[in-house]
1. Hey, Ala71 hits all of (1) surrounded by 15 or more Cβ atoms within 10 Å (Cβ to Cβ); (2) in a loop (DSSP other than H, G, I, E, B); (3) modelled with pLDDT of 90 or more but one; which does it fall short on?
2. Counting only residues that are part of a loop (DSSP other than H, G, I, E, B) and at pLDDT 85 or above, how many does the stretch 1-13 have?
3. (1) farther than 13 Å from Trp83 by Cα; (2) at pLDDT below 85; (3) loosely packed, with under 11 Cβ neighbours inside 10 Å; (4) not hydroxyl-bearing (Ser, Thr, Tyr): which one isn't true of Gly42, the others all being true?
Amino acid sequence: MPSPAVCRHCGLPGRLRRRGLCWACHQTPGVREQYPSTSVMGNRGHGVGRVSAVPCKPCPFPPGSPEKIAALEGRARLRQPLWHPDDARPAD
């Protein structure tokens, strides 16, 4: 007979949710983020896990301009985050 599954956080046996956590641990703020997903579908999306923290330099072009779109395409191609905190903002 196989041994019962145990929660990765509290170690209690029982039915587990995603990430190998029991319901209580899965719902506790801060606990779920400590454990990576165990699902093969858990890390979906372009560049997940391979993206640097911030693009090298801010983009001075206004949002929606052809230059800004080209800059965003370049960032995506280099697997950088699309947005920089100092990028140009829309004019009010």
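1. Only one criterion is unmet by Ala71, namely (2).
2. Of the residues in the stretch 1-13, the ones part of a loop (DSSP other than H, G, I, E, B) are 1-5, 7-12.
Now drop any that are not at pLDDT 85 or above, which leaves 5, 7-12.
Counting residues in the stretch 1-13 that are part of a loop (DSSP other than H, G, I, E, B) and at pLDDT 85 or above gives 7.
3. (3)
Results for (1) at pLDDT below 85; (2) part of a loop (DSSP other than H, G, I, E, B), shown as yes or no for each residue.
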| site | (1), (2) |
| --- | --- |
| Pro36 | yes, yes |
| Val51 | yes, yes |
| Cys56 | yes, yes |
| Pro60 | no, yes |
| Glu67 | no, no |
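The values are calculated or read from the model by the stated rules, or taken from the named source; none is laboratory data. Everything quoted here is computed from the prediction, not taken from an experiment. No Cβ is skipped: glycine too gets one built from the backbone with ideal geometry, and neighbour counts run over all protein chains shown.
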